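Let me begin by presenting the structure, written as structure tokens, before commenting on it.
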Amino acid sequence: MAYNYPPEKLSVYLSDDGGSILTFYGMWEASLFAKHWLPFCKRYNIEPRSPAAYFSESDGHQELCTPKEWSLIKDMFDEMTERIDTAVMSGKIPEEINAKHKGFYEWNQEITSKNHQPIVQILIDGKDQNAVDNEGNALPTLVYMAREKRPQHHHNFKAGAMNALIRVSSVISNSPIIMNVDCDMYSNNNDAVRDALCFFLDEEMGHKIGFVQYPQNYNNLSKNDIYGNSLHVINEVSSAKL
Ligand SMILES: O=c1ccn([C@@H]2O[C@H](COP(=O)(O)OP(=O)(O)O[C@H]3O[C@H](CO)[C@@H](O)[C@H](O)[C@H]3O)[C@@H](O)[C@H]2O)c(=O)[nH]1
Ligand SMILES: [Mn+2]
């Protein structure tokens with residue numbers, strides 16, 4: 001959501017193949033935190049923009065903001081994480097949360113991760129005039145989705161999820177370009193979307209390109225880099241922001 005990109009042209013979908021109310025709760029919390037986090041990122045050009053990644057590597061001294069501002073947003077993030085962790089530990093969300101969003105009523109005793117109705121909930125509707133951050137800037141659309149699962153039908157893993165996402169997003173936002181980020185990843189540069197678009201908008205080659213794949217890249221390289229994973233030219237020169 002914090003990408004350097006016009007929010008009215010950006011829609012974020014989270015596909016929850018666990019079909020869990022806890023994930024929906026975490027996302028609802030994140031949709032509120034975003035109203036503080038996005039303007040903070042933009043004002044101080046924060047990088048990386050995953051708050052978990054940012055706070056794990058930043059001690060808060062090198063930033064342009066005041067230590068007070070930094071502590072304020074960090075406390076807000078820590079408190080949110082704690083609320084989510086507590087809910088996950090107890091396996092249920094606090095009673096009073098149910099009333100905060102109609103989406104919580106999708107869940108009942110019968111639902112399991114392998115057998116449930118489709119759940120699509122718009123947490124932030126970018127078309128809504130009131131969908132703004134705490135400084136009044138427009139927010140991107142944010143959608144939670146748990147595709148229908150039934151024991152007799154194979155779900156086809158990531159491809160099945162993306163198939164359902166393409167269908168649902170075509171009704172809600174119908175954007176010409178889709179970016180997929182795996183659930184165990186975060187984006188390391190706020191210009192990644194713009195950088196990726198260069199392939200599709202290239203004056204000579206753009207019309208021939210339908211799919212762009214960044215090479216598999218691992219964290220925690222070993223001393224001998226046995227997977228030949230440094231990819232220096234790609235990482236540091238040709239597609240540095242991807
Ligand atoms: O039932 C599923 C399984 C996976 N996923 C998504 O697909 C991603 C990758 O799937 P996983 O099976 O966990 O594969 P990994 O080994 O973590 O991923 C590597 O291998 C995959 C299959 O080759 C590639 O698609 C990935 O981009 C690559 O990082 C996950 O993060 C999820 O976002 C689903 O949505 N539903
Ligand atoms: Mn993975």
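Averaging the Cα positions of each part gives two centres, and for region 90-135 and region 38-61 these lie 27 Å apart.
Placing pseudo-labels 7 Å out from each Cα toward the beta carbon at Met76 and Ser175 gives an inter-label distance of 2.3 nm. Taking Cβ atoms as reference points and 15 Å as the exclusive limit, the residues near Thr81 contribute a net charge of -4, counting Lys and Arg as +1 and Asp and Glu as -1.
On full extension, the segment bounded by Leu64 and Asn4 gains 19.7 nm, given 0.36 nm per residue less the C-alpha separation. Model label points for Ala159 and Tyr105, set 7 angstrom from Cα along the Cα-to-Cβ axis, are 3.9 nm apart.
Can you tell me the mean projection area, over all orientations, of the convex hull of the chain's alpha carbons? Units nm², please. So the mean shadow area of the Cα hull is 16.6 nm². Rounded to the nearest 500, the 222 nm mean residue ellipticity of the chain from helices alone is -11000 deg cm²/dmol, with -39,500 (n - 2.57) taken per DSSP H run of at least 4 residues. Taking 7 Å steps out from each Cα toward its Cβ at Tyr186 and Met205 produces label points 3.1 nm apart. Computed on the Cα trace of region 69-205, the radius of gyration divided by the Kirkwood hydrodynamic radius gives Rg/Rh = 0.99. Of the trypsin sites (Lys or Arg not before Pro) found in region 191-225, those in coil by DSSP whose Cβ has at most 16 other Cβ atoms within 10 Å are Lys223.
Take the Cα coordinates of region 183-242, assign each an equal point scatterer, and use the Debye formula without solvent to give log10 I(q)/I(0) at q = 0.19, 0.21, 0.27 Å⁻¹. Those come out to -0.83, -0.95, -1.24, one per q. Between the C-alpha center of region 1-17 and that of region 182-222 there is a gap of 15 Å. Across region 183-242, Cα pairs under 8 Å and at least six residues apart give a relative contact order of 45 percent. Counting 0.36 nm for each residue step from Asn45 to Arg150 and taking away their Cα separation leaves a gain of 33.3 nm.
Just need the relative contact order of region 7-175 here, percent rounded to a whole number, with Cα pairs under 8 Å and 6+ apart. Computed value for region 7-175: 39 percent relative contact order.
Every number in this text was worked out from the coordinates using simple rules, so none of it is lab data. None of the values given here were measured: they were computed from a predicted structure. Glycine gets a Cβ as well: all are built from the backbone with ideal geometry, and neighbour counts include every protein chain shown.
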